[in-house]
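Peer 1: Take this structure first; my questions come after.
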Amino acid sequence: MSTAWGLLLGIGLLLASSPLLWPAGAPESEQASASARIGDLLVQAGLARVGLGTIVVVSVVLGVAAAALVFAWEPVTAVAGAAGILGLCLPMAVIVWRARAQRRATRVVWPDVVDHLVSAVRSGLALPDSVVTLANSGPPITRAAFAGFERDYRMTGGFADGLDRLKDRLADPVADRIIETLRMSREVGGSELTSVLRNLAIYLRQDAAIRSEVEARQSWIVNAARLGVAAPWIVLLLLSTRPEAAQAYNSPGGTAVIVVGLGLSVVAYRLMIGIGRLPEERRWFG
């Protein structure tokens, strides 16, 4: 009877997790979407020329090196494995951190970009020339991308193709909205471009102000939570330097404690980050 109940429980768990294990979407489209997200992260982190294979190799090397160094210092297999996992995830974590820092830095300058565009259009410049002026008069953090657009436009004269490549260089949802507004104005025409851009600049300033205030208020909570996750592992490293503690942690029970603690730490950290982070705008026009 217990075997039948166990079988029913296993079938139930399998059916409950089937939407996550085998989603309905096409695998090719999901892989393409994941690849696009990683590509956007690399562009935002300033590593557009770095390939995914390079990141994988660096992650594996760091993971093996971290595990070897920790095991040489403290001969505890589980602790060395945890250090190897940390080293394996470190490059991607640095890329994500750099990308978020870049998004925070550019979030406050997009209204200035829109204001420069409005001023250029109102002064009588053509729309492509208005975008070209941002290579010299725009915010310094975005000048390199617009300088690339200037080179493309001078060489080919294709405004639409230049905008597509500009979106790839910026890899930002706000930039996508601005660029698609310019594209629509170029293709459809109309006299409301300056009004639309001014309203967009007002909205972007309000959004940046609200986000900055919320992030400033919750930063100390996030830092305290990170310290709370890291503190037990620092204590574990110190305890593992004692021979009797190292022998205890090398036992099956000690290994189980470290593995369970690692899993709980990862789950708790991800929950903390997911609850405290503000939602990021997606690239609908990427």
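The values are calculated or read from the model by the stated rules, or taken from the named source; none is laboratory data. The model shown is predicted, which means the values in this text are computed figures rather than measured ones. Every residue, glycine among them, receives a Cβ derived from its backbone with ideal geometry; neighbour counts consider all protein chains shown. Just the protein is used for accessible areas: all its heavy atoms, side chains included, with ligands, DNA and RNA removed. Shrake-Rupley method; radii C 1.70, N 1.55, O 1.52, S 1.80 Å.
Peer 1: I'd like the carbon and sulfur percentage of the solvent accessible area for the range 158-286, probe radius 1.4 Å, heavy atoms only, ligands and nucleic acids excluded.
Peer 2: Taking all protein chains in place, the range 158-286 shows 65 percent carbon and sulfur surface.
Peer 1: Report ³J(HN,Hα) in whole Hz for each residue of the range 263-274, in order, from the Karplus equation J = 6.51 cos²θ - 1.76 cosθ + 1.60 where θ = phi - 60°; Gly and Pro get x.
Peer 2: Taking θ as phi minus 60°, the curve returns x, 5, 5, 5, 5, 5, 5, 5, 5, 4, 5, x Hz for the range 263-274.
Peer 1: Where does the range 145-286 land on Rg/Rh, using Cα atoms and the Kirkwood Rh? Walk me through the numbers before you get to the answer.
Peer 2: On the way: Rg = 25.4 Å, Rh = 20.1 Å.
In the range 145-286, Rg relative to Rh is 1.26.
Peer 1: Name the most mobile residue of Ile202, Ile275, Ile85, meaning the one with the largest mean-square fluctuation, in a Gaussian network model of the chain with Cα contacts below 10 Å.
Peer 2: Among Ile202, Ile275, Ile85, the largest GNM mean-square fluctuation belongs to Ile275.
Peer 1: Here's something else I'd like to know. Which of the chymotrypsin sites (Phe, Trp or Tyr not before Pro) found in the range 59-160 are in a DSSP loop and have at most 15 neighbouring Cβ atoms, other than their own, within 10 Å?
Peer 2: When the chymotrypsin sites (Phe, Trp or Tyr not before Pro) of the range 59-160 are filtered for loop state and at most 15 Cβ neighbours within 10 Å, nothing remains.
Peer 1: If you count only protein heavy atoms with a 1.4 Å probe, what accessible area per residue comes out for the range 30-153, rounded to a whole Å²?
Peer 2: Per residue, the range 30-153 has 51 Å² of solvent-accessible surface.
Peer 1: Find how much the distance from Leu227 to Val257 grows on full extension, using 0.36 nm per residue of separation minus their present alpha carbon separation; answer in nm with one decimal.
Peer 2: The span from Leu227 to Val257 would gain 8.8 nm if fully extended.
Peer 1: Can you compute the equivalent ellipsoid semi-axes for the range 83-145, i.e. the square root of 5 times each eigenvalue of the Cα gyration tensor, sorted largest first and rounded to whole Å?
Peer 2: 37, 10, 7
Peer 1: Where a ≥ b ≥ c are the square roots of the eigenvalues of the C-alpha gyration tensor, would you call the range 155-201 rounded, which needs a/c under 1.5, or, failing that, prolate if a/b is larger than b/c, or oblate?
Peer 2: oblate
Peer 1: Given the options Leu134, Leu239, Leu193, which has the most mean-square fluctuation in a GNM of the chain, springs set between C-alpha atoms less than 10 angstrom apart?
Peer 2: Highest fluctuation of the listed residues: Leu239.
Peer 1: Angle check, please: helix 27-44 long axis (alpha carbons) against the longest principal axis of the chain (alpha carbons), in degrees 0 to 90, nearest 10.
Peer 2: With both axes taken from Cα atoms, the answer is about 70 degrees.
Peer 1: A further question on this structure: Using the Cα centre as the reference, give the magnitude of the dipole from point charges on the C-beta atoms of the chain (Lys, Arg: +1; Asp, Glu: -1; all else neutral), rounded to the nearest 20 debye.
Peer 2: 440 debye
Peer 1: With each pseudo-label sitting 7 Å past Cα toward Cβ, what's the Ala93-Asn199 distance in nm, one decimal?
Peer 2: With each label point 7 Å from Cα toward Cβ, the separation is 4.4 nm.
Peer 1: For the chain, what does -39500 (n - 2.57) per DSSP helix run (n ≥ 4), summed and divided by total residues, give at 222 nm, in deg cm²/dmol to the nearest 500?
Peer 2: Calculated at 222 nm, the ellipticity per residue is -28000 deg cm²/dmol.
Peer 1: To continue, here is another question. Compactness ratio of the chain: Cα Rg over 2.2 N^0.38 Å, N = residue count? Present the calculation step by step, with values, prior to reporting the outcome.
Peer 2: Values: Rg = 25.3 Å, N = 286, 2.2 N^0.38 = 18.9 Å.
In units of the 2.2 N^0.38 Å rule of thumb, it is 1.34.
Peer 1: Suppose we flag trypsin sites (Lys or Arg not before Pro) only when DSSP calls them loop and at most 10 other Cβ atoms lie within 10 Å. Which is the longest uninterrupted stretch of the chain? Please report the intermediate quantities before stating the final value.
Peer 2: Working: sites that count: Arg49, Arg282.
Longest run free of exposed loop sites: 50-281.
Peer 1: With a probe of 1.4 Å, find how much accessible area the range 171-286 has per residue, and write the answer as a whole number in Å².
Peer 2: Result: 65 Å² of accessible area for each residue.
Peer 1: Between Met92, Val113, Pro252, whose Cα lies farthest towards the positive end of the dipole of the chain when Lys and Arg beta carbons carry +1 and Asp and Glu beta carbons carry -1, centred on the Cα centre?
Peer 2: Comparing the listed Cα positions along the dipole, Val113 ranks first.
Peer 1: What is the helix-to-structure angle for 173-188, meaning the angle in degrees between its Cα long axis and the longest Cα principal axis of the chain, kept from 0 to 90 and rounded to the nearest 10?
Peer 2: Tilt of helix 173-188: around 30 degrees.
Peer 1: Give me the net charge for the shell around Leu197: Cβ to Cβ below 14 angstrom, other residues only, Lys and Arg +1, Asp and Glu -1.
Peer 2: Local net charge: +2.
Peer 1: Where the centroid of each part is defined by its Cα atoms, how far is the range 67-128 from the range 208-286 in Å?
Peer 2: The distance from the Cα centre of the range 67-128 to that of the range 208-286 comes to 19 Å.
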